[in-house]
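Right, one structure below, let's go through it.
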Amino acid sequence: MPNVDDVEGTLLDHDVVWVMGGSVANLLALWRVHGLDRALRRAWQAGVVLSGVSAGSICWFEGGATDSYGPDLRPVVDALGFLPYGNGVHYDSDPGRRPLIHRMVADGTLPTAHPRSTGTGVRAVTCGFGRRHREHRPHARRFAGSAPTHRRVPSENMGDTPPCGGRAVSATFFL
């Protein structure tokens, strides 16, 4: 149960929402029970920055590969869908995630995916998914292309101007 009476108002009073890792299935279930999914969407549309790591990153996308359902990796496809892509967290640090993400895209479970190595951030804006990424560790990588032909691509400086004519409605940063 939320610990404040006005969850949406509390979210709107903040600049950033950060969600830690854990079980994406559990956090989505709890958020939906308490209406937090709708409140988070309104906060995002109002310009609150939504961010997180691992499960706290997958939740903003269509879905991804998760171990939330047990010891084996399985697809989660009912995430919040604020960004219409799959999120391939831990793409190169967990050996089972790469082939599962490839299968999910190949069989249409996810429309496409944006896999990244652990520690790589992605910034997206509501006017579209920009090619604006920053690598946070020297060995962190992001990948581009269609599964199974993902290739490593160099990072780009995020800069100050969003990729939509300088009119970003909401910037979102994921790890």
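Structure data summary
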{"item": "Hits in region 85-109 (condition: within 13 Å of D72 (Cβ to Cβ) and basic (K, R))", "result": "R97"}
{"item": "Residue match in region 74-88 (condition: open to solvent by 20 Å² or more (accessible area, probe 1.4 Å) and among the polar types (S, T, N, Q))", "result": "no"}
{"item": "For V33: the one exception among (1) within 22 Å of M1 (Cα to Cα); (2) modelled with pLDDT under 95; (3) not polar (S, T, N, Q)", "result": "(2)"}
{"item": "Test: residue in region 40-59 that is free of Cβ contacts under 8 Å to residues at least 24 places away in the same chain and of a type in the set (K, R)", "result": "no"}
{"item": "Checking G52 against (1) in contact with a helix residue (DSSP H, G or I) (Cβ under 7 Å, 6 or more places away or on another chain); (2) surrounded by 16 or more Cβ atoms within 10 Å (Cβ to Cβ), the condition it does not meet", "result": "(1)"}
{"item": "Hits in region 47-63 (condition: assigned to a helix (DSSP H, G or I) and over 18 Å from V105 (Cβ atoms))", "result": "A55, G56"}
{"item": "Given (1) open to solvent by 10 Å² or more (accessible area, probe 1.4 Å); (2) under 8 Å from the mean Cα position of the chain (by Cα), number of the condition S57 does not satisfy", "result": "(1)"}
{"item": "Residue among A65, A39 that is open to solvent by less than 20 Å² (accessible area, probe 1.4 Å) and more than 24 Å from R103 (Cβ to Cβ)", "result": "A39"}
{"item": "Hits in region 14-36 (condition: open to solvent by 30 Å² or more (accessible area, probe 1.4 Å), within 28 Å of G108 (Cβ to Cβ) and in a helix (DSSP H, G or I))", "result": "N26, A29, W31, R32"}
{"item": "Residue count for region 83-99, restricted to those that are in a helix (DSSP H, G or I) and in contact with a Gly (Cβ under 9 Å, 6 or more places away or on another chain)", "result": "2"}
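The values are calculated or read from the model by the stated rules, or taken from the named source; none is laboratory data. Keep in mind the model is a prediction, meaning the values are calculated, not measured. Counting neighbours? That spans all protein chains shown, and the Cβs are built from the backbone with ideal geometry, glycine included. Ligands, DNA and RNA are excluded from the accessible area calculation, which covers all protein heavy atoms including side chains. Shrake-Rupley method; radii C 1.70, N 1.55, O 1.52, S 1.80 Å.
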